[in-house]
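> Pasting a structure here, questions to come.
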Ligand code: 13P
């Protein structure tokens, strides 16, 4: 393991002004997104869409530090034959890869899942590194509901995350450690706070047992939010304050950066809340984004599968990348959002 190199990459991934584009939707998930815009999901349409994003050269160069890819995409070539990994690297962004095999039902735990994919992972990591990946992602999913999450669910997922992270570092790949507490449901913001705190404390304990070097990883957590169906919603300020409080309580300062998932927030909400956290400041880590839906929803709708819409879709992607880039610096405002749109 080369810790100096891992630390350099982890810092580059969370460098202020930039953030991560999560473009690692599985074939099933991207089909759902394409269904919503009336586009047939084929290997070619998925390639064309992702190439559109990666060729948004200025935004990629100025605002995107890294791109998380899916297994199919890391092997694909652009329309002109250039590997997509090279298209990304030419913009200065780092290519990364999702390596988990999805959340599967946890035995004797109704409504809960454990993320699988550890068997044969070392060999897959070696191949991905040869294909150009510099970092990896593994997402654990924690549901909140009556009587859940269980300790079994939190512990199983935290243990798997730690085993994954150690294998990545052994292979000189930076692990993105993503324990996502979902916003589905009608729970209060207080319940999300309590569950996220327990999850993060368990994850860092397991990372310690697995001898993961915190300097060479990136944490990808949820923000502290009320459930989407909760009658009492929260202000951006409350969300920012509670998220920072939980992170300060649970995340050691050796971690270079924290890159949030958007998790079903609207794109502007995800930007406003990241900005609110960076306006509060005074934290030992860089706070940035690793958004999927919040960066891609707007360009997907504009594109709608039509070649004639490519430049307009690129402009929509560039706008969201720019707004989130400003949010990493605490320099976003609702006025800038409107002016630039
Ligand atoms: P969202 O921002 O759409 O939640 O996706 C981020 C991600 O990579 C989830 O694993």
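> How high is the FRET efficiency from residue 205 to residue 308, r the C-beta distance, R0 45 Å, rounded to 0.05?
Efficiency, rounded to the nearest 0.05: 0.25.
> If you don't mind, there's one more thing I want to ask. Rounded to the nearest 0.05, what FRET efficiency is calculated for residue 122 and residue 301 with R0 set to 45 Å and r the Cβ-Cβ distance?
Details: r = 40 Å, r/R0 = 0.89.
Approximately 0.65, to the nearest 0.05.
> Stokes-Einstein D for segment 262-326 at 10 °C, 1.306 mPa s, Kirkwood Rh over Cα pairs, in µm²/s?
Here the translational diffusion coefficient equals 126 µm²/s.
> For all pairs of alpha-carbon atoms in segment 140-284, what percent lies in each bin of width 10 Å, listed from the first bin to the last filled one?
12, 43, 34, 11, 0
> Quick one: work out the % antiparallel among DSSP beta bridges in the chain, nearest 5.
Just about 15 percent of them are antiparallel.
> Regarding segment 20-73, what are the three Cα extents along the principal axes, ordered largest first, in Å?
31, 18, 17
> Could you give the nm distance between label points at residue 150 and residue 188, where each point is 7 Å from its Cα heading toward the beta carbon?
Computed distance between label sites residue 150 and residue 188 equals 2.6 nm.
> For residue 280, put the label point 7 Å out on the Cα→Cβ axis and report which residues of segment 222-266 keep their amide N under 13 Å from it.
Zone members listed by number: 223-225, 235-250.
> When only Cα pairs under 8 Å and 6 or more residues apart are kept, what is the percent relative contact order across the chain?
Numbers: 694 pairs, mean separation 67.1, N = 341.
RCO, the chain: 20 percent.
> With n ≥ 4 as the cut-off for DSSP H runs, can you work out [θ] at 222 nm for the chain, using -39500 (n - 2.57) per run divided by the number of residues, rounded to the nearest 500?
So the helix-based figure for the chain works out to -15500 deg cm²/dmol.
> Calculate the translational D of the chain in whole µm² s⁻¹ from Stokes-Einstein, where the hydrodynamic radius comes from the Kirkwood formula applied to all Cα pairs, the temperature is 10 °C and the viscosity 1.306 mPa s.
Approximately 80 µm²/s, per Stokes-Einstein.
> If each Cα of segment 77-172 is one equal point scatterer, what is log10 of I(q)/I(0) from the Debye formula at q = 0.17, 0.20, 0.22 Å⁻¹?
The calculated log intensity ratios at q = 0.17, 0.20, 0.22 Å⁻¹ are -0.78, -0.93, -1.03.
> Follow-up. Build a GNM of the chain with springs between Cα atoms under 10 Å: which of 244, 64, 280 gets the top mean-square fluctuation?
Between 244, 64, 280, it is 280 that shows the largest mean-square fluctuation.
> In whole Å and largest first, what semi-axes does the C-alpha gyration tensor of segment 1-138 yield when each eigenvalue is scaled by 5 and square-rooted?
25, 22, 15
Taken together, the values in this text are just the output of simple stated rules run on the coordinates, not laboratory data. Computed from a prediction, not measured in an experiment: that's the story for all the values here. As a convention, Cβ positions derive from the backbone with ideal geometry for all residues, glycine included, and neighbour counts pool all protein chains shown.
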